[in-house]
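This report concerns only the one structure given below.
The values are calculated or read from the model by the stated rules, or taken from the named source; none is laboratory data. From a predicted model like this one, the values you see are computed outputs, not experimental measurements. Counting neighbours? That spans all protein chains shown, and the Cβs are built from the backbone with ideal geometry, glycine included.
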Amino acid sequence: MNDSNPVEWFGWFRADILVEYQALFWKGALITVGMTVVCVLMGCALGLMIALARLADARHAPWKAVCRYLLRWPSTIYVSFFRGTPLFVQILLMHFAVMPLFVHPVDGLLVSGDLARTLKQDHGALMSGIAALTLNSAAYISEVFRGGIQSISRGQRFAGMSLGLTPVQTMRYIIFPQAFRRMLPPLGNNMISLLKDTSLVSAIGLAEMAYAARTVAGAYGRYWEPYLAVALAYWLMTFLLTIGLRKLEQHLARSDRM
């Protein structure tokens, strides 16, 4: 740090602070984007399975009881818990309580010994953050999938069955492609929310953009520069994501008219 001759823009903004720590901000941005992509992909996969579990049904016993007690009830409780508790609390619970059960140098259920110690020291915050954000986003995404699938009339399903398609084929080739067009806007909103929620993982020590801003603020005792830069970075990311989703919606709309 060199405060002897600071250069101030507009008489108050010191851009040299951001230049000095630009590597930390770039690293934080890459972690933020990477975590968002991973959590969106895994959240969509898990959310689809949860949505199908909540929609599972059968006409005859014992499958009717299986669908009700082993699929619908557990998935409903899952969605209720992750939608009804703060994400910040879920991140803390995952990092300090759940993750040590599975990755611990002494008695980890999945990983133990030196490998667990290395993972915990080098990637513990990243693993906990990805796990918490994925589980949380899956609960919200599952409701998007469930609503989109239920918005398609039952006649579409009967039409597929009349053509000799299995229930899985009917879902894959008839119902889901139509539902996806309706699900895209709320899915986009969930992606944007997830991108912004990655900032909460800085509370457990992950060096993403919010953590970088807090580091710079602590080093200089100045808050406008780092937090304004991070706010603009998040705004730019969400703006680009919004444009991409809008173009995808327009492309799908043109395909429907053709």
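Yes or no, residue by residue, for (1) modelled with pLDDT under 90; (2) surrounded by fewer than 18 Cβ atoms within 10 Å (Cβ to Cβ); (3) touching a Ser or Thr at 6+ places or on another chain (Cβ under 9 Å):
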| site | (1), (2), (3) |
| --- | --- |
| VAL7 | yes, yes, no |
| TRP12 | yes, yes, no |
| ALA15 | yes, yes, no |
| ALA23 | no, yes, no |
| THR32 | no, no, yes |
| VAL40 | no, no, yes |
| CYS44 | no, no, yes |
Worksheet, complete the sentence: Condition set of a type in the set (Val, Ile, Thr) and part of a helix (DSSP H, G or I), scope the range 74-93, selection nearest to the chain's Cα centre (by Cα): answer is ILE91
Worksheet item: Here are ILE192, ILE243: which of them is under 26 Å from SER137 (Cβ atoms), among the β-branched types (Val, Ile, Thr), exposed (fewer than 14 other Cβ atoms within 10 Å of the Cβ) and modelled with pLDDT of 90 or more?
Response: ILE243
Worksheet item: Failed condition for LEU71, given (1) touching a helix residue (DSSP H, G or I) at 6+ places or on another chain (Cβ under 7 Å); (2) closer than 22 Å to LEU187 by Cβ; (3) part of a helix (DSSP H, G or I), with all others met?
Response: (2)
Worksheet item: Taking the range 134-178 as the search range and keeping residues that are of a type in the set (Val, Ile, Thr) and out of contact with any helix residue (DSSP H, G or I) (no Cβ under 8 Å at 6 or more places or on another chain), which one is nearest to ARG83 (Cα to Cα)?
Response: VAL168
Worksheet item: Taking the range 72-112, which residues are at pLDDT below 95, over 22 Å from VAL201 (Cα atoms) and either of a type in the set (A, V, I, L, M) or surrounded by fewer than 14 Cβ atoms within 10 Å (Cβ to Cβ) (or both)?
Response: VAL106, ASP107, LEU109, LEU110, VAL111
Response to the item:
Only one of ALA159, ALA179, ALA212 is within 23 Å of ARG14 (Cβ to Cβ) and modelled with pLDDT under 90, namely ALA212
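Select from the range 94-126 the residues that are small (Gly, Ala, Ser), in contact with a helix residue (DSSP H, G or I) (Cβ under 8 Å, 6 or more places away or on another chain) and part of a loop (DSSP other than H, G, I, E, B) and list them in ascending order.
GLY108
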